[in-house]
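What follows draws every value from the coordinates through simple rules; no lab data is involved. Small disclaimer: the values here were computed from a predicted structure and weren't measured. Backbone-built Cβ (ideal geometry, glycine too); neighbour counts: all protein chains shown.
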Amino acid sequence: MEIGKSLRRLLDSIPGASSIFLTDRDGVIVLSVGEELRSRASLISSLQATQDQTGKLVMGR
């Protein structure tokens, strides 16, 4: 998969980065590269909360 290869190259070019997650608008992981995280559930929860707050700022709610 070309997207996976591109994300792997991007990950390798960022010092200290261990994973990249590509998610849909609801925070569901579509593709990931790198190390699997033990705290993946908390990362996803944080991402969803951040997306919700960002959406409110953009929409002026």
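Placing unit charges on C-beta atoms (Lys and Arg positive, Asp and Glu negative, everything else neutral), compute the dipole magnitude of the stretch 2-59 about its Cα centre in debye, rounded to 20.
The calculated dipole for the stretch 2-59 is roughly 60 debye.
In deg cm²/dmol, rounded to 500, what helix-only [θ] at 222 nm does the chain give when every DSSP H run of at least 4 residues adds -39500 (n - 2.57) and the total is split over its residues?
-17500 deg cm²/dmol
Near the amide H of residue 23, under 5 Å away, which other amide H atoms are found, from residues 5 or more places off or on another chain, if H is placed in the peptide plane?
Correct list: 30.
Between the helical axis of 2-13 and the dominant principal axis of the chain, each derived from Cα atoms, what acute angle in degrees is found, rounded to the nearest 10?
Between helix and principal axis, roughly 80 degrees.
Please report Rg (one decimal) and Dmax (integer) in Å for the Cα set of the stretch 2-59.
So, for the stretch 2-59, Rg and Dmax equal 12.8, 35 Å respectively.
Considering Cα pairs under 8 angstrom that are at least six residues apart, work out the relative contact order of the stretch 2-59 and quote it in whole percent.
25 percent
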